[in-house]
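Since every read-out is calculated from the coordinates, none of them should be taken as a lab result. Because the structure is a prediction, the values reported are computed rather than measured. Reconstructed Cβ throughout: ideal geometry from the backbone, glycine too, with neighbour counts over all protein chains shown.
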Amino acid sequence: MNPQRTAWLFLAPALVVLGVFFLLPVLAALVLSLTDYDLYALADIRNLRFVALGNYRELLQRPLFWSALGHTLYFVAVGVPLSMGASLGAAMLLNSPLARCKPFFRTALFAPVVTTVVATAVIWRYLFNTKYGMANYLLGLLDVHPVDWLGDPHWAMPTIIAFAAWKNFGYNMIIFLAGLQAIPPDLYEAARIDGASPWRQFVHITLPMLKPTMLMVGILTVSGYFQLFAEPYVMTEGGPLQSTVSVLYLMYDEGFKWWNLGSASAVAFLLFLIMFAVTVLMLKLSRRGDET
Amino acid sequence: MSPRLAKALVNGLLIGVAAVALFPLLWMLSVSFMAPGAASTLPPPLLPRHASWGNYRELFVHAGMGRYLLNSLLVAGTITVLSLACNLLAGYAFAKLRFAGRERLFQALLGALVIPAQVAMLPLFLLLKHMGLVNSYAGVVVPALATVFGIFLVRQYARGIPDELLEAARIDGAGEWRIFVQIVLPLLKPIVVTLAIFTFLAAWNDFMWPLIVLTGQEHYTLPIGLASLAREHSQDSELMMAGSVVTVLPVLLLFLSLQRYYLEGLLLGSVKG
């Protein structure tokens, strides 16, 4: 058999699946976002009209879109540094020559990553129950008044952020740990001989050596955090007072609750554009940091 | 700082972080054995006074949890087996078979990784509705049958197979299919295990797409079933903790038994190139 044909036969199943069930729908989403596809069009396609950028214009004028974007950015801006900081801290502890029982600790810290979001969100809802939750009980011991964690618009998002950091930090921890292990020990040796404090070693050796890892982890984590959905769906249903409605939550409601598929596709595309812009910005900033 | 103090500090912090990571999971297990209402008391009880399987019985007899569990096993198992086949074939082709436009096609696939999966979901729903696959297992399985990540992982690994080995087999007159099955697959075994765990865990834990495409309870997977139970029974903490145990325990055990493969795959997948 001719080798070209073999190669394409081997590729065919995967390419057909990706083409029909991913690339084609992505292109269709672009077209869909330019139409008023709704419940009526779902019933009879002849009701479909082309509205050009109408959905986008409408969305940009809707307060709910801007608040959903605001909540998502809040989640990303606080959640990503928090979870990456926790990952780096945990990785440094695990990498310390003083640490004992490393395999046990590594597994323990990684365990939340493999759990199901829905199940652990249910656990957190109980831990942060206003009346009987462990969080308020412990605060009560310190004479702090109970906080209505998931029922107060100011506290709901911070609680979700804490949950996400707990759930995810182990993933990046493993990547950072590999990055730390790749730093040549002689660098620290030389710094110690020069009398550099542990803090200066961290700033002048660890951080610069980890920079490529940090950038990659940062970009992947940011795009993951932009896709916030299951946490508010299970923990708050978007409430209280819509304070935890994320962009994807809006897309889900718009598309699969109200069946405004055209407008929901526009939400999805706007999210994609924003994520893309943020990624490019992060790459640019890191390059400029290299030049100075 | 004295070395002994530093050692105590590092290990103390590790114990603290491990406690934070594990406490919610251990408490979930403990509360799941408590009698209804027992967890809604102050101070929050750490251990059940009279441990019982009551909540689990309630879940499986009345709440349909057994059905959800079987659905999850069926869906995640099917996705794992079939997507492994697709990704292995394609990853190997990208690594070792020569064809025009190979590198460009692969770069294009990697480029597609920047598109979040949710962009495709609305038209995908319409497409599957047209095909009659909404509210069926196939609706969850079919779109997951190939992943760029899986192809990438296999390609990275398969590039390490020496060309001489394949050439020698070709000179001996072995067909490409036979080479793949008898020579390549055994060499790819570690990455097969890694990718299998990754795929199974991702399929098991997946939430948004199954929530959209599975509209009837009889097809619910565990996360969807649990989320819907959590909305009905928001006050029954003990019952919900038991539901969480059923959902989390299988993947946690799978991870614990094969964690070496999982962590290796995580690192391999995070090195771009």
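Quick notes on this one:
- Reachable lysines, given that their alpha-carbon falls under 19 Å from the alpha-carbon of residue B:129 and they are not under 8 places away in the same chain: A:257
- Between the helical axis of B:259-270 and the longest alpha-carbon principal axis of chain B there is an angle of about 60 degrees.
- Applied to the stretch A:236-247, the Karplus parametrisation 6.51 cos²θ - 1.76 cosθ + 1.60 on θ = phi - 60° returns per-residue 3J(HN,Hα) values of 9, 6, x, x, x, 6, 6, 6, 10, 6, 9, 4 Hz, with x for Gly and Pro.
- Applying 0.36 nm per residue to the separation of residue A:82 and residue A:57 and subtracting their alpha-carbon distance, the gain on full extension is 5.6 nm.
- Helices in chain A that qualify as membrane-span-like (whole DSSP H runs, Cα extent of at least 24 Å along the helix axis, mean Kyte-Doolittle hydropathy of 1.0 or higher) are A:63-95, A:156-181, A:207-226, A:261-291.
- Förster-model FRET efficiency, 51 Å R0, residue B:171 and residue A:101, C-beta, rounded to 0.05: 0.45
- With each label modelled as a point 7 angstrom along the Cα→C-beta vector, the residue B:257-residue A:286 pair spans 3.8 nm.
- Other residues with beta-carbon under 13 Å from the beta-carbon of residue A:159 carry, at +1 per Lys or Arg and -1 per Asp or Glu, a net charge of -1.
- If the Kirkwood radius is taken over C-alpha pairs of the stretch B:63-270, then at 25 °C and 0.890 mPa s the Stokes-Einstein diffusion coefficient equals 129 µm²/s.
- Angle between chain B longest axis and helix B:237-257 axis [Cα atoms, degrees, rounded to 10]: 30 degrees
- Taking a ≥ b ≥ c as the square roots of the eigenvalues of the alpha-carbon gyration tensor, the stretch B:68-180 is classed prolate because a/c is 1.5 or more and a/b outweighs b/c.
- Charge tally around residue A:55: other residues with Cβ under 11 Å, Lys/Arg +1 each, Asp/Glu -1 each, net -2.
- Potential extension, residue B:15-residue B:218 segment - 0.36 nm per residue separation minus Cα distance: 68.8 nm
- Separation of the residue A:47 and residue A:143 label points, Cα + 7 Å toward Cβ, nm: 6.4 nm
- Distance violations [Cα-Cα > 21 Å] among A:102/A:211; A:211/A:284; A:102/B:189: A:102/A:211; A:102/B:189
- The stretch A:1-101 shape via C-alpha gyration tensor axes, a/c threshold 1.5: oblate
- Cα-Cα pairs of the stretch A:55-177 separated by more than 26 Å (percent): 38 percent
- Remark: the Cα gyration tensor places the stretch B:140-181 in the oblate category, a/c being 1.5 or greater and a/b not exceeding b/c.
- Cα-based helix-to-principal-axis angle, B:189-205 vs chain B, degrees rounded to 10: 40 degrees
- Listed by chain and number, the aspartates and glutamates whose alpha-carbon sits under 14 Å from that of residue A:167, ignoring those within fewer than 8 places in the same chain, are A:231.
- Rounded FRET efficiency, nearest 0.05, which uses the C-beta distance separating residue A:274 from residue A:190 and R0 of 45 Å: 0.55
- For residue A:35, the residues whose modelled amide H falls within less than 5 Å of its own, excluding neighbours fewer than 5 places apart on the same chain, are A:51.
- Selection from B:181, B:210, B:199, by position along the positive dipole direction of the stretch B:163-217 (Cβ): B:210
- Ranked packing of B:127-139, A:243-255, most packed first, by mean Cβ within 10 Å: A:243-255, B:127-139
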